[in-house]
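Heads up: the structure comes next, in structure tokens.
Quick note: the coordinates plus some simple rules give every number you see, no bench work behind them. The model shown is predicted, which means the values in this text are computed figures rather than measured ones. Positions of Cβ are backbone-derived with ideal geometry, glycine not excepted, and every protein chain shown enters the neighbour counts.
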Amino acid sequence: MEIIVGKTAGFCFGVSNAVNKTEELLKTKKNIFCLGELVHNKQVTNDLISKGLTIINNIEEAKQNVIIRAHGVTKETYDKAKELNLEVLDLTCPKVLKIHNIVEEYSNKGYYIFLIGQKEHPEVIGTISYCGKNADIIEKKEEIKEKLKKFYTSNINKLLVLAQTTFSVEKFNNIVTELKEQINNKNIEIEVKKTICDATRLRQEEASKIAKLVDIMIIIGGKNSSNTNKLYQISKQYCKNSILIETKDELDKEYVKKFQKVGIIAGASTSQKSIDSVVEMLN
Ligand code: SF4
């Protein structure tokens with residue numbers, strides 16, 4: 001059996017920074033709370049919980065120290081933390097902070113904003129809170145018509161289009177092309193910012209490259225992780241035998257044994273330990 005492991009597999013810069021800083025803090029302080037999972041990976045989260053981290057769903061449950069996770073939170077959450085006198089350790093990834101700054105700047109300049117991303121994703125929920133009232137989220141091409149109707153009623157003729165950091169590059173490009181075709185009005189100024197982060201883009205490129213070469217693709221990562229799910233969808237386009245697992249325990253050994261060439265990639269919040277354990281089992 002030949003095994004090809006993606007070079008990009010595993011923690012990205014933002015996740016690695018968030019996990020390392022949290023681990024450091026847990027060594028010196030007690031009562032550390034994190035609003036939502038620090039990163040979208042059950043194994044990493046459980047490991048941090050075993051070291052003393054408490055995950056909360058509401059900022060009011062926090063006592064003393066609160067960690068802001070890698071994919072950011074809403075503007076109101078910072079206000080609430082201040083009101084509650086909490087000590088905040090902000091681990092929002094710089095790529096997400098950059099998007100918050102862009103949308104605030106464009107909103108102040110009078111732009112209408114279309115954020116391309118998944119409505120329920122914590123990053124999108126956070127980012128949209130910085131966009132002001134003239135903004136909307138687009139998740140699929142099919143929604144464009146309805147969203148444009150709302151945009152036209154605003155009477156604004158400047159539009160900013162940007163993406164969630166972990167969105168699919170291909171889907172984003174398709175939505176932007178369709179959007180421009182449907183607008184087809186020279187009086188409307190459209191500015192597009194390519195805000196999908198490099199960590200996401202490179203992992204997606206590598207997923208399609210490896211998937212074309214192998215008989216089976218194993219994608220390791222959280223099933224609630226946006227970037228891991230994108231990797232799975234991309235791999236499936238080029239390798240119909242693509243499977244998504246969180247840990248080695250989900251691997252059906254008999255099934256995998258049937259294949260000669262195995263490709264392995266992992267989401268940006270998957271630990272090296274999880275990747276190594278899958279490779280070890282295959283070997
Ligand atoms: S996936 Fe991108 S935006 Fe998210 S934490 Fe990693 S580097 Fe930052």
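Would you calculate a helix-derived [θ] at 222 nm for the chain, using -39,500 (n - 2.57) for each DSSP H run of n ≥ 4 and dividing by the full residue count, to the nearest 500?
Details: 11 runs with 124 residues, N = 283.
It comes out at -13500 deg cm²/dmol, rounded to the nearest 500.
Which one, Ile156, Gly126, Thr54, projects farthest toward the positive side of the charge dipole computed for the stretch 40-164 from Cβ point charges (K/R +1, D/E -1)?
Positive-most Cα among the choices belongs to Ile156.
How would you classify the chain from its alpha-carbon gyration tensor, with a ≥ b ≥ c the square roots of the eigenvalues: rounded for a/c under 1.5, else prolate if a/b is greater than b/c, otherwise oblate?
Oblate, because a/c is 1.5 or more while a/b does not exceed b/c.
Using per-residue counts of other Cβ atoms within 10 Å, averaged over each peptide, order 81-93, 158-170 from highest down.
158-170, 81-93
What trypsin sites (Lys or Arg not before Pro) in the stretch 202-283 are in a loop by DSSP, with at most 15 other Cβ atoms within 10 Å of the Cβ?
When the trypsin sites (Lys or Arg not before Pro) of the stretch 202-283 are filtered for loop state and at most 15 Cβ neighbours within 10 Å, Lys212, Lys223, Lys240, Lys258 remain.
Which one of Gly72, Cys93, Leu25 is farthest out on the positive end of the charge dipole of the stretch 13-93, using unit charges on Cβ (Lys, Arg +1; Asp, Glu -1) and the Cα centre as origin?
So the residue furthest toward the plus end is Leu25.
Too long at a 25 Å Cα-Cα cut-off: which of Lys147/Lys209; Lys7/Lys223; Lys95/Lys119; Lys80/Lys194?
Where the Cα-Cα span goes over 25 Å, the pairs concerned are Lys147/Lys209; Lys80/Lys194.
Could you calculate the contour length gain from Glu104 to Ser208, that is, 0.36 nm times the residue separation minus the distance between their Cα atoms, to one decimal place in nm?
Difference between extended and current length: 34.0 nm.
Using r as the Cβ-Cβ distance of Ser50 and Asn185, and R0 as 45 Å, what FRET efficiency do you calculate, to the nearest 0.05? Before the final figure, lay out each step's value.
Working: r = 56 Å, r/R0 = 1.25.
So, using R0 = 45 Å, E works out to roughly 0.20.
Among rounded, prolate and oblate, which fits the stretch 24-76 when a ≥ b ≥ c are the square roots of the eigenvalues of its C-alpha gyration tensor, a/c under 1.5 means rounded, and a/b larger than b/c means prolate? Walk me through the intermediate numbers first.
On the way: a/c = 1.80, a/b = 1.16, b/c = 1.55.
Oblate is the answer for the stretch 24-76, as a/c is 1.5 or above yet b/c matches or exceeds a/b.
Which net charge results when you count Lys and Arg as +1 and Asp and Glu as -1 among the other residues whose beta-carbon is under 14 Å from that of Tyr238?
Charge balance in the 14 Å sphere: +2.
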